[in-house]
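Working notes, beginning with the structure itself.
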Amino acid sequence: MTYRFGEFEVDVTAYELRRGGQRLSLARQPMELLLLLLLERRHELVSHGEIATRLWNPNVFTDLDAGIRTAILKIRRVLCDSSESPKFLETVPGKGYRLIAPVEAVAQVLPAVSAAPAEPHSDARRHNLPTELTSFVGRRKELVELRGVLASSRVLSLTGAGGIGKTRLAVRLARDLVSEFSDGAWLVDLASLSVSDLLPQTIARAVGIREEALRSGLVTLVDKLRHRELLLVLDTFEHLISACAELVETLLRGTSAVRIIATSREALGVSGETVYRVPSLSLSDALAPVDLETLVHSDAAQLF
């Protein structure tokens, strides 16, 4: 089924929003909200509580109001809608939202295809994250917490001593969030980079952006990422901290939907940054009496 409203259409099977046949980029949460308003509750008031239940797992701790406002803003932006004189989404102050545009439902007739073995779905083209060669131990609380942080902050810096597990945590978090970003999640390993002037080119190469003649690497990078919705993981750059801070600030100013996870022994110190000091793996209080079974099941003992 395809649903049409105004000059837009939503193909439910393909999970796509289109305008004039061209696919429009919309992340999972705003798309889920649009489907809720469009397909299930069109022309009815949808409350904040109903939206929160649809978009977030009960175990996720985040600012729900801010998350809902962000999702609505993304929908309005892609529909070129206005909150002051809406054509599609009406805000009911203090209560929720309502889709007000007429909706036409059109059944699709799918062409017959010969039976063939289905290829397994792969999202490898949407990220370059390394395959985990060993099991991921602990950090459940941190992963839930940090998902909420990234919902409201565009820069999350994981700091801590060397070997504490910053990179492993960042990669696992990015892997969990790949589906949240229409343009994927990309790891940029900066540990071996010694020349700060090559930062833009290194990031561009990781994301799959080609250099352009007569344009600087930074200008090309910002221009190509301007309207993309992706997650960048900038890993291990203590030796380039000043250059990285400048580049991150430039990216934040020049793009609208790029989010960054940074791993370093020290914070970037940029505006809007959320700093999370990665703790050691949990271990029972050594000063308190504890039985062997409790000790063995702690995260630190499991890793050992």
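Quick look at the values:
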| item | result |
| --- | --- |
| Peptide ranges 68-76, 84-92 listed from the most packed, as the mean C-beta count within 10 angstrom indicates | 68-76, 84-92 |
| Amide H partners (placed H, <5 Å) of ILE209, local residues excluded | none |
| With DNA, RNA and ligands ignored, accessible area of ILE261 (1.4 Å probe; Å², nearest 10) | 0 |
| Rg/Rg_globular for the stretch 141-200, with Rg_globular taken as 2.2 N^0.38 Å and Rg from C-alpha atoms | 1.26 |
| Label point distance in nm, THR70-ALA105, each placed 7 Å from Cα along Cα→Cβ | 3.3 |
| Under Karplus coefficients 6.51, -1.76 and 1.60, residue-wise ³J(HN,Hα) of the stretch 84-92 in Hz, glycine/proline x | 6, 10, x, 9, 10, 10, 9, 8, 9 |
| Protection proxy ranking, peptides 148-157, 210-219, average beta carbon neighbours within 10 Å, highest first | 148-157, 210-219 |
| Whichever aspartates and glutamates have a C-alpha closer than 19 Å to that of LYS141, once near sequence neighbours (fewer than 8 apart) are set aside | ASP63, ASP176, ASP285, ASP299 |
| Gain in span if fully extended, VAL144 to THR274, counting 0.36 nm per residue against the direct Cα distance | 45.3 nm |
| Principal semi-axes in Å for the stretch 174-265 [√(5λ), Cα gyration tensor, largest first] | 18, 17, 11 |
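The values are calculated or read from the model by the stated rules, or taken from the named source; none is laboratory data. None of these values were measured; they are calculated from a predicted model. So basically every Cβ, Gly included, is an ideal-geometry build from the backbone, and we count neighbours across all protein chains shown. Side chains included, ligands, DNA and RNA excluded: accessible areas come from the protein's heavy atoms. Shrake-Rupley method; radii C 1.70, N 1.55, O 1.52, S 1.80 Å.
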